[in-house]
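The values are calculated or read from the model by the stated rules, or taken from the named source; none is laboratory data. For clarity, every value in this text was computed on a predicted model and none was experimentally measured. Cβ sites come from the backbone with ideal geometry, for glycine too, and all protein chains shown count toward neighbours.
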Amino acid sequence: CDNKEIQRDTCVNQDIIDKLQELKDLHQAKPTDDDHWRVFSYSKCIRALKNHPKRIESIAEARAIRGVGEKTAAKIMEIIETGNLRRIGYETTDDIKATRVFQGIYGVGQSTAYQWYAAGCRTLEDIVNGKGGVKSTPAQEIGIRFYDDINDRMPREEAKEIFDLIKPIALNIDPKLFVEIMGSYRRGKKDCGDIDIMITRPTGDGRTHEGVLSRLLQNLHTAGIITEDLAVPEDSDDLEAIYRGLCRVPHRDGSKRRRIDFLTVPWRSRGAALLYYTGDDIFNRAIRMKASVLGYSLNQKGLFAGVVRDPRDRRVKLNTGTLLASETEEEIFKILNVPWQEPHERVR
Ligand code: DCP
Ligand code: MG
Ligand code: MN
(Lines give C-alpha, C1' and ligand atoms only; values in the text may rest on other atoms or scores of the structure.)
(Ligands and ions follow the chains in the order given, each with its own letter.)
Protein backbone atom coordinates (compact mmCIF):
# COMPACT_ATOMS: atom_id res chain seq x y z
CA CYS A 1 0.00 0.00 0.00
CA ASP A 2 1.40 3.37 -1.01
CA ASN A 3 -0.68 5.83 0.99
CA LYS A 4 1.35 5.45 4.18
CA GLU A 5 0.70 8.99 5.38
CA ILE A 6 -2.94 8.17 5.77
CA GLN A 7 -2.61 4.94 7.70
CA ARG A 8 0.54 3.20 8.76
CA ASP A 9 -0.16 -0.54 8.55
CA THR A 10 -2.77 -1.08 5.90
CA CYS A 11 -4.55 0.80 3.19
CA VAL A 12 -7.58 2.89 3.96
CA ASN A 13 -9.41 0.63 1.59
CA GLN A 14 -7.90 -2.60 2.94
CA ASP A 15 -11.26 -4.20 3.82
CA ILE A 16 -12.39 -3.69 0.22
CA ILE A 17 -9.13 -5.08 -1.12
CA ASP A 18 -9.47 -8.18 1.09
CA LYS A 19 -12.95 -8.94 -0.22
CA LEU A 20 -11.93 -8.39 -3.85
CA GLN A 21 -8.94 -10.66 -3.23
CA GLU A 22 -11.33 -13.38 -2.03
CA LEU A 23 -13.35 -13.00 -5.21
CA LYS A 24 -10.19 -13.15 -7.28
CA ASP A 25 -9.16 -16.38 -5.53
CA LEU A 26 -12.55 -17.92 -6.24
CA HIS A 27 -12.22 -17.25 -9.94
CA GLN A 28 -8.63 -18.43 -9.91
CA ALA A 29 -9.91 -21.86 -8.86
CA LYS A 30 -12.25 -22.00 -11.85
CA PRO A 31 -11.75 -23.10 -15.42
CA THR A 32 -13.37 -20.78 -17.95
CA ASP A 33 -11.84 -18.03 -20.05
CA ASP A 34 -14.31 -15.71 -18.39
CA ASP A 35 -12.85 -16.64 -14.99
CA HIS A 36 -9.31 -16.05 -16.18
CA TRP A 37 -10.37 -12.67 -17.47
CA ARG A 38 -11.96 -11.77 -14.13
CA VAL A 39 -8.81 -12.77 -12.25
CA PHE A 40 -6.96 -10.34 -14.48
CA SER A 41 -9.44 -7.50 -13.97
CA TYR A 42 -9.61 -8.03 -10.17
CA SER A 43 -5.80 -7.86 -10.04
CA LYS A 44 -5.88 -4.57 -11.89
CA CYS A 45 -8.57 -3.22 -9.61
CA ILE A 46 -6.77 -4.31 -6.42
CA ARG A 47 -3.60 -2.62 -7.60
CA ALA A 48 -5.51 0.59 -8.35
CA LEU A 49 -7.17 0.53 -4.92
CA LYS A 50 -3.80 0.08 -3.20
CA ASN A 51 -2.66 3.28 -4.86
CA HIS A 52 -5.81 5.20 -4.08
CA PRO A 53 -4.95 7.77 -1.41
CA LYS A 54 -8.30 8.09 0.34
CA ARG A 55 -11.18 6.06 1.62
CA ILE A 56 -13.74 5.49 -1.09
CA GLU A 57 -17.11 6.89 -0.12
CA SER A 58 -19.32 6.81 -3.17
CA ILE A 59 -19.94 4.72 -6.23
CA ALA A 60 -18.95 7.66 -8.41
CA GLU A 61 -15.62 7.85 -6.65
CA ALA A 62 -15.03 4.13 -7.13
CA ARG A 63 -16.04 4.36 -10.77
CA ALA A 64 -13.59 7.21 -11.33
CA ILE A 65 -10.60 5.00 -10.48
CA ARG A 66 -8.82 3.66 -13.53
CA GLY A 67 -9.26 -0.12 -13.67
CA VAL A 68 -12.56 -0.13 -11.75
CA GLY A 69 -15.53 -0.97 -13.93
CA GLU A 70 -19.20 -0.53 -13.26
CA LYS A 71 -19.81 -3.98 -11.76
CA THR A 72 -16.78 -3.80 -9.51
CA ALA A 73 -17.80 -0.33 -8.38
CA ALA A 74 -21.17 -1.78 -7.33
CA LYS A 75 -19.38 -4.53 -5.39
CA ILE A 76 -17.19 -1.97 -3.69
CA MET A 77 -20.28 -0.05 -2.55
CA GLU A 78 -21.82 -3.24 -1.22
CA ILE A 79 -18.68 -3.91 0.81
CA ILE A 80 -18.67 -0.35 2.16
CA GLU A 81 -22.34 -0.42 3.08
CA THR A 82 -22.70 -3.93 4.47
CA GLY A 83 -19.11 -4.80 5.33
CA ASN A 84 -19.56 -7.89 3.19
CA LEU A 85 -20.39 -9.29 -0.20
CA ARG A 86 -23.29 -11.66 -0.63
CA ARG A 87 -21.57 -13.01 -3.68
CA ILE A 88 -18.63 -14.42 -1.70
CA GLY A 89 -20.95 -16.31 0.65
CA TYR A 90 -22.93 -17.53 -2.32
CA GLU A 91 -19.93 -18.74 -4.29
CA THR A 92 -18.14 -20.49 -1.45
CA THR A 93 -21.18 -22.32 -0.23
CA ASP A 94 -22.80 -23.14 -3.54
CA ASP A 95 -20.51 -23.21 -6.53
CA ILE A 96 -17.26 -24.38 -4.93
CA LYS A 97 -18.94 -26.95 -2.71
CA ALA A 98 -21.08 -28.51 -5.44
CA THR A 99 -18.25 -28.83 -7.95
CA ARG A 100 -16.03 -30.33 -5.25
CA VAL A 101 -18.65 -33.03 -4.67
CA PHE A 102 -18.95 -33.63 -8.43
CA GLN A 103 -15.19 -34.02 -8.80
CA GLY A 104 -15.35 -36.87 -6.30
CA ILE A 105 -17.18 -38.87 -8.98
CA TYR A 106 -14.90 -41.23 -10.90
CA GLY A 107 -14.15 -39.73 -14.32
CA VAL A 108 -15.31 -36.20 -13.50
CA GLY A 109 -12.81 -33.35 -13.72
CA GLN A 110 -13.05 -29.63 -13.22
CA SER A 111 -14.56 -28.87 -16.60
CA THR A 112 -17.42 -31.40 -16.40
CA ALA A 113 -18.13 -30.37 -12.79
CA TYR A 114 -18.57 -26.74 -13.83
CA GLN A 115 -20.68 -27.63 -16.86
CA TRP A 116 -23.04 -29.54 -14.59
CA TYR A 117 -23.13 -26.70 -12.12
CA ALA A 118 -23.89 -24.23 -14.90
CA ALA A 119 -26.75 -26.50 -16.01
CA GLY A 120 -28.28 -26.09 -12.55
CA CYS A 121 -27.10 -29.28 -10.80
CA ARG A 122 -26.18 -28.94 -7.14
CA THR A 123 -26.27 -32.51 -5.75
CA LEU A 124 -25.43 -36.04 -6.87
CA GLU A 125 -29.16 -36.66 -7.07
CA ASP A 126 -29.51 -33.82 -9.58
CA ILE A 127 -26.94 -35.56 -11.78
CA VAL A 128 -28.70 -38.92 -11.48
CA ASN A 129 -31.99 -37.23 -12.43
CA GLY A 130 -30.36 -35.54 -15.41
CA LYS A 131 -31.37 -32.08 -14.17
CA GLY A 132 -30.79 -29.34 -16.72
CA GLY A 133 -30.38 -32.00 -19.40
CA VAL A 134 -27.01 -33.22 -18.09
CA LYS A 135 -25.88 -36.69 -19.10
CA SER A 136 -23.42 -38.88 -17.22
CA THR A 137 -21.43 -41.72 -18.75
CA PRO A 138 -21.91 -45.31 -17.54
CA ALA A 139 -18.57 -45.08 -15.67
CA GLN A 140 -19.68 -41.86 -13.97
CA GLU A 141 -22.94 -43.52 -12.97
CA ILE A 142 -20.96 -46.27 -11.26
CA GLY A 143 -18.88 -43.52 -9.69
CA ILE A 144 -22.06 -42.03 -8.21
CA ARG A 145 -23.54 -45.36 -7.10
CA PHE A 146 -20.38 -46.23 -5.14
CA TYR A 147 -19.41 -42.66 -4.35
CA ASP A 148 -18.61 -43.21 -0.66
CA ASP A 149 -16.72 -46.47 -1.21
CA ILE A 150 -14.59 -45.07 -4.01
CA ASN A 151 -13.70 -41.93 -2.07
CA ASP A 152 -12.55 -44.00 0.88
CA ARG A 153 -9.00 -45.34 1.09
CA MET A 154 -8.56 -49.00 1.98
CA PRO A 155 -6.25 -50.35 4.67
CA ARG A 156 -3.09 -51.88 3.21
CA GLU A 157 -4.17 -55.27 4.63
CA GLU A 158 -7.29 -55.24 2.46
CA ALA A 159 -5.26 -54.45 -0.67
CA LYS A 160 -3.04 -57.43 0.17
CA GLU A 161 -6.03 -59.68 0.81
CA ILE A 162 -7.50 -58.88 -2.60
CA PHE A 163 -4.14 -59.15 -4.39
CA ASP A 164 -3.53 -62.55 -2.73
CA LEU A 165 -6.83 -63.74 -4.22
CA ILE A 166 -6.03 -62.39 -7.69
CA LYS A 167 -2.45 -63.60 -8.09
CA PRO A 168 -3.20 -67.36 -8.02
CA ILE A 169 -6.07 -66.87 -10.47
CA ALA A 170 -3.63 -65.17 -12.84
CA LEU A 171 -0.95 -67.83 -12.37
CA ASN A 172 -3.57 -70.46 -13.05
CA ILE A 173 -3.94 -69.01 -16.54
CA ASP A 174 -0.17 -69.09 -17.07
CA PRO A 175 2.29 -70.03 -14.28
CA LYS A 176 5.06 -68.04 -15.94
CA LEU A 177 3.29 -64.72 -15.57
CA PHE A 178 4.97 -61.92 -13.64
CA VAL A 179 2.30 -60.31 -11.44
CA GLU A 180 3.33 -57.39 -9.26
CA ILE A 181 1.52 -54.85 -7.11
CA MET A 182 2.70 -51.28 -7.55
CA GLY A 183 1.52 -47.77 -6.54
CA SER A 184 1.12 -46.73 -2.92
CA TYR A 185 1.07 -50.38 -1.79
CA ARG A 186 4.57 -51.02 -3.10
CA ARG A 187 5.72 -47.81 -1.44
CA GLY A 188 4.57 -49.37 1.83
CA LYS A 189 1.76 -46.93 2.55
CA LYS A 190 -0.64 -47.84 5.38
CA ASP A 191 -3.65 -47.08 3.20
CA CYS A 192 -4.23 -47.24 -0.54
CA GLY A 193 -6.55 -45.29 -2.83
CA ASP A 194 -6.64 -48.21 -5.24
CA ILE A 195 -4.83 -51.43 -6.17
CA ASP A 196 -2.36 -51.12 -9.06
CA ILE A 197 -1.34 -54.44 -10.62
CA MET A 198 1.20 -55.01 -13.37
CA ILE A 199 1.17 -58.11 -15.54
CA THR A 200 3.85 -59.25 -17.95
CA ARG A 201 5.67 -62.46 -18.88
CA PRO A 202 9.26 -63.47 -19.74
CA THR A 203 9.51 -64.21 -23.44
CA GLY A 204 12.42 -66.68 -23.27
CA ASP A 205 10.26 -69.58 -24.48
CA GLY A 206 8.90 -67.51 -27.36
CA ARG A 207 5.54 -66.91 -25.70
CA THR A 208 4.01 -63.73 -24.24
CA HIS A 209 1.13 -62.66 -21.97
CA GLU A 210 -0.98 -61.89 -25.03
CA GLY A 211 -4.61 -62.75 -24.33
CA VAL A 212 -4.14 -63.11 -20.58
CA LEU A 213 -5.86 -59.90 -19.45
CA SER A 214 -9.25 -60.61 -21.02
CA ARG A 215 -9.27 -64.14 -19.57
CA LEU A 216 -8.18 -62.89 -16.16
CA LEU A 217 -10.89 -60.21 -16.09
CA GLN A 218 -13.49 -62.80 -16.98
CA ASN A 219 -12.31 -65.13 -14.22
CA LEU A 220 -12.27 -62.30 -11.68
CA HIS A 221 -15.83 -61.34 -12.59
CA THR A 222 -16.89 -64.96 -12.16
CA ALA A 223 -15.15 -65.14 -8.78
CA GLY A 224 -17.03 -62.02 -7.65
CA ILE A 225 -13.76 -60.14 -7.13
CA ILE A 226 -14.22 -57.64 -9.94
CA THR A 227 -17.70 -56.20 -9.69
CA GLU A 228 -17.87 -53.31 -12.18
CA ASP A 229 -15.82 -52.21 -15.19
CA LEU A 230 -14.96 -48.52 -15.52
CA ALA A 231 -12.60 -48.49 -18.48
CA VAL A 232 -11.93 -51.60 -20.52
CA PRO A 233 -9.08 -51.39 -23.04
CA GLU A 234 -10.13 -51.55 -26.67
CA ASP A 235 -7.89 -54.53 -27.14
CA SER A 236 -7.31 -56.33 -23.81
CA ASP A 237 -5.21 -58.86 -25.64
CA ASP A 238 -2.67 -56.28 -26.63
CA LEU A 239 0.72 -56.62 -24.93
CA GLU A 240 0.18 -53.15 -23.57
CA ALA A 241 -3.16 -52.29 -22.02
CA ILE A 242 -4.75 -50.54 -19.04
CA TYR A 243 -7.93 -51.69 -17.34
CA ARG A 244 -9.78 -49.75 -14.62
CA GLY A 245 -12.58 -51.16 -12.50
CA LEU A 246 -14.03 -51.88 -9.07
CA CYS A 247 -13.37 -54.93 -6.93
CA ARG A 248 -14.19 -56.24 -3.48
CA VAL A 249 -13.44 -59.07 -1.10
CA PRO A 250 -16.04 -61.59 -2.32
CA HIS A 251 -18.48 -63.45 -0.07
CA ARG A 252 -18.08 -61.05 2.81
CA ASP A 253 -21.05 -59.02 3.95
CA GLY A 254 -20.41 -55.32 3.79
CA SER A 255 -17.06 -55.51 1.99
CA LYS A 256 -16.59 -52.22 0.19
CA ARG A 257 -16.04 -51.57 -3.51
CA ARG A 258 -12.40 -50.70 -4.13
CA ARG A 259 -10.73 -49.19 -7.18
CA ILE A 260 -8.41 -51.48 -9.11
CA ASP A 261 -6.12 -50.89 -12.11
CA PHE A 262 -4.47 -53.57 -14.24
CA LEU A 263 -1.62 -52.74 -16.50
CA THR A 264 -0.02 -55.10 -19.00
CA VAL A 265 3.39 -54.25 -20.45
CA PRO A 266 5.86 -55.95 -22.77
CA TRP A 267 8.46 -57.90 -20.79
CA ARG A 268 11.28 -55.60 -21.86
CA SER A 269 9.60 -52.46 -20.46
CA ARG A 270 8.79 -53.92 -17.04
CA GLY A 271 11.47 -51.90 -15.23
CA ALA A 272 10.34 -48.57 -16.65
CA ALA A 273 6.70 -49.45 -15.98
CA LEU A 274 7.48 -50.53 -12.42
CA LEU A 275 9.34 -47.28 -11.84
CA TYR A 276 6.54 -45.14 -13.25
CA TYR A 277 3.60 -46.90 -11.58
CA THR A 278 5.31 -47.13 -8.20
CA GLY A 279 5.55 -43.34 -8.06
CA ASP A 280 4.86 -41.30 -6.18
CA ASP A 281 3.87 -38.72 -8.72
CA ILE A 282 6.20 -36.09 -7.24
CA PHE A 283 9.14 -38.51 -7.25
CA ASN A 284 8.29 -39.28 -10.88
CA ARG A 285 8.35 -35.63 -11.78
CA ALA A 286 11.75 -35.22 -10.13
CA ILE A 287 13.35 -38.20 -11.84
CA ARG A 288 11.88 -37.25 -15.23
CA MET A 289 13.32 -33.77 -14.73
CA LYS A 290 16.71 -35.28 -13.94
CA ALA A 291 16.53 -37.31 -17.16
CA SER A 292 15.60 -34.25 -19.14
CA VAL A 293 18.51 -32.21 -17.72
CA LEU A 294 20.83 -34.97 -18.96
CA GLY A 295 19.25 -34.70 -22.40
CA TYR A 296 17.25 -37.92 -22.00
CA SER A 297 13.56 -38.67 -21.89
CA LEU A 298 11.98 -41.01 -19.31
CA ASN A 299 8.51 -42.48 -19.48
CA GLN A 300 6.68 -45.71 -18.57
CA LYS A 301 8.27 -47.44 -21.58
CA GLY A 302 11.88 -46.63 -20.90
CA LEU A 303 14.76 -44.20 -20.74
CA PHE A 304 15.55 -42.76 -24.17
CA ALA A 305 18.39 -40.68 -25.63
CA GLY A 306 18.25 -38.35 -28.62
CA VAL A 307 14.60 -37.48 -28.39
CA VAL A 308 13.90 -34.35 -30.42
CA ARG A 309 11.05 -32.18 -29.17
CA ASP A 310 8.95 -29.66 -31.05
CA PRO A 311 10.27 -26.24 -29.99
CA ARG A 312 6.75 -24.81 -30.24
CA ASP A 313 5.39 -27.41 -27.82
CA ARG A 314 7.96 -29.32 -25.75
CA ARG A 315 5.40 -32.06 -24.99
CA VAL A 316 5.42 -33.15 -28.62
CA LYS A 317 8.18 -35.58 -29.56
CA LEU A 318 9.37 -35.54 -33.15
CA ASN A 319 11.08 -38.96 -32.93
CA THR A 320 11.25 -41.83 -30.47
CA GLY A 321 14.98 -41.65 -29.79
CA THR A 322 17.21 -44.57 -28.81
CA LEU A 323 16.27 -46.87 -25.95
CA LEU A 324 18.93 -46.78 -23.19
CA ALA A 325 17.24 -48.89 -20.51
CA SER A 326 13.81 -50.28 -19.63
CA GLU A 327 14.21 -53.80 -18.20
CA THR A 328 15.08 -52.96 -14.61
CA GLU A 329 14.66 -49.99 -12.31
CA GLU A 330 18.30 -50.37 -11.22
CA GLU A 331 19.67 -49.69 -14.73
CA ILE A 332 17.58 -46.55 -15.06
CA PHE A 333 18.73 -45.19 -11.68
CA LYS A 334 22.31 -45.99 -12.64
CA ILE A 335 22.31 -44.24 -16.01
CA LEU A 336 20.65 -41.21 -14.45
CA ASN A 337 23.28 -41.24 -11.70
CA VAL A 338 20.55 -41.24 -9.06
CA PRO A 339 21.37 -43.25 -5.92
CA TRP A 340 19.10 -46.30 -5.59
CA GLN A 341 15.94 -45.60 -3.63
CA GLU A 342 13.74 -48.31 -2.16
CA PRO A 343 10.06 -47.90 -3.08
CA HIS A 344 9.21 -46.65 0.44
CA GLU A 345 11.82 -43.91 0.02
CA ARG A 346 10.26 -42.63 -3.19
CA VAL A 347 8.02 -40.12 -1.52
CA ARG A 348 7.83 -36.36 -1.61
N1 DCP B 1 1.27 -41.55 -11.72
C2 DCP B 1 1.95 -40.39 -12.10
N3 DCP B 1 1.26 -39.29 -12.46
C4 DCP B 1 -0.08 -39.30 -12.47
C5 DCP B 1 -0.80 -40.45 -12.09
C6 DCP B 1 -0.08 -41.57 -11.72
O7 DCP B 1 3.18 -40.38 -12.09
N8 DCP B 1 -0.75 -38.20 -12.84
C9 DCP B 1 2.04 -42.73 -11.30
C10 DCP B 1 2.59 -42.49 -9.92
C11 DCP B 1 1.62 -43.19 -9.04
C12 DCP B 1 1.22 -44.38 -9.89
O13 DCP B 1 1.20 -43.88 -11.22
O14 DCP B 1 2.23 -43.59 -7.82
C15 DCP B 1 -0.09 -44.99 -9.51
O16 DCP B 1 -1.12 -44.04 -9.59
P17 DCP B 1 -2.24 -43.96 -8.49
O18 DCP B 1 -3.17 -42.87 -8.90
O19 DCP B 1 -2.85 -45.28 -8.25
O20 DCP B 1 -1.48 -43.40 -7.19
P21 DCP B 1 -0.84 -44.12 -5.94
O22 DCP B 1 -0.96 -45.60 -6.04
O23 DCP B 1 0.52 -43.57 -5.77
O24 DCP B 1 -1.71 -43.58 -4.71
P25 DCP B 1 -3.15 -44.10 -4.25
O26 DCP B 1 -2.95 -44.80 -2.94
O27 DCP B 1 -3.94 -42.85 -4.08
O28 DCP B 1 -3.69 -44.99 -5.31
MG1 MG C 1 -2.76 -46.48 -6.51
MN1 MN D 1 -4.09 -46.45 -9.75
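Annotation for the range 160-179: no member residue is within 16 Å of ligand 2 (Cβ to nearest atom) and within 21 Å of the chain's Cα centre (by Cα). Within the option set H27, H52, being in contact (Cβ under 8 Å) with a residue 12 or more places away in the chain and under 23 Å from the mean Cα position of the chain (by Cα) holds for one residue only, H27.
In the range 180-198, the residues that are near ligand 1 (Cβ under 6 Å from one of its atoms) reach residues that are β-branched (V, I, T) and not in a strand (DSSP E or B) with C-beta atoms within less than 8 angstrom, at least six apart or across chains, in these pairs: G183/T278.
In the range 150-164, the residue that is nearest to S269 (Cα to Cα) out of those that are surrounded by 16 or more Cβ atoms within 10 Å (Cβ to Cβ) and more than 11 Å from ligand 1 (Cβ to nearest atom) is F163.
Just to be sure before I move on: is R309 within 29 Å of I195 (Cβ to Cβ) and surrounded by 13 or more Cβ atoms within 10 Å (Cβ to Cβ) in the structure I sent? For R309, the condition - within 29 Å of I195 (Cβ to Cβ) and surrounded by 13 or more Cβ atoms within 10 Å (Cβ to Cβ) - is not met.
Any residue at all in the range 167-178 that is within 16 Å of ligand 3 (Cβ to nearest atom) and surrounded by fewer than 21 Cβ atoms within 10 Å (Cβ to Cβ)? No, because not a single residue in the range 167-178 is within 16 Å of ligand 3 (Cβ to nearest atom) and surrounded by fewer than 21 Cβ atoms within 10 Å (Cβ to Cβ).
Looking only at the range 221-234, decide whether some residue is surrounded by fewer than 22 Cβ atoms within 10 Å (Cβ to Cβ), within 16 Å of ligand 1 (Cβ to nearest atom) and either over 24 Å from V347 (Cα atoms) or basic (K, R) (or both). Yes, because at least one residue in the range 221-234 is surrounded by fewer than 22 Cβ atoms within 10 Å (Cβ to Cβ), within 16 Å of ligand 1 (Cβ to nearest atom) and either over 24 Å from V347 (Cα atoms) or basic (K, R) (or both).
Applying the criterion of being assigned to a strand (DSSP E or B) and exposed (fewer than 13 other Cβ atoms within 10 Å of the Cβ) to the residues of the range 312-342, the residue that is modelled with the highest pLDDT is T322. When the range 316-341 is filtered for residues that are more than 16 Å from L274 (Cα to Cα) and basic (K, R), only K317 remains. When you go through A170, A159, A119 one by one, which is the residue that is touching a helix residue (DSSP H, G or I) at 6+ places or on another chain (Cβ under 6 Å), free of Cβ contacts under 8 Å to residues at least 40 places away in the same chain and of a type in the set (G, A, S)? That would be A119, the only listed residue that is touching a helix residue (DSSP H, G or I) at 6+ places or on another chain (Cβ under 6 Å), free of Cβ contacts under 8 Å to residues at least 40 places away in the same chain and of a type in the set (G, A, S). Being over 18 Å from H209 (Cβ atoms) and touching a residue at least 40 places away in the same chain (Cβ under 8 Å) holds for only one residue in L274, L246, L263, and it is L246. Here the condition is being farther than 26 Å from S326 by Cα, away from ligand 3 (no atom under 16 Å from the Cβ) and among the small types (G, A, S); of G193, G224, G211, it holds for G224 alone.
One residue is enough: does the range 233-249 have a residue meeting the conditions touching a strand residue (DSSP E or B) at 6+ places or on another chain (Cβ under 9 Å), within 16 Å of ligand 3 (Cβ to nearest atom), charged (D, E, K, R) and closer than 30 Å to R315 by Cα? Checked against the condition, which is being touching a strand residue (DSSP E or B) at 6+ places or on another chain (Cβ under 9 Å), within 16 Å of ligand 3 (Cβ to nearest atom), charged (D, E, K, R) and closer than 30 Å to R315 by Cα, the range 233-249 yields at least one hit. Selection over the range 140-164 of residues that are in a helix (DSSP H, G or I) and touching a Lys or Arg at 6+ places or on another chain (Cβ under 8 Å) gives a count of 6.
Restricted to the range 181-284, the set of helices (runs of 4 or more DSSP H) holding at least 3 residues that are at pLDDT 95 or above and away from ligand 2 (no atom under 14 Å from the Cβ) comprises 212-222, 270-278.
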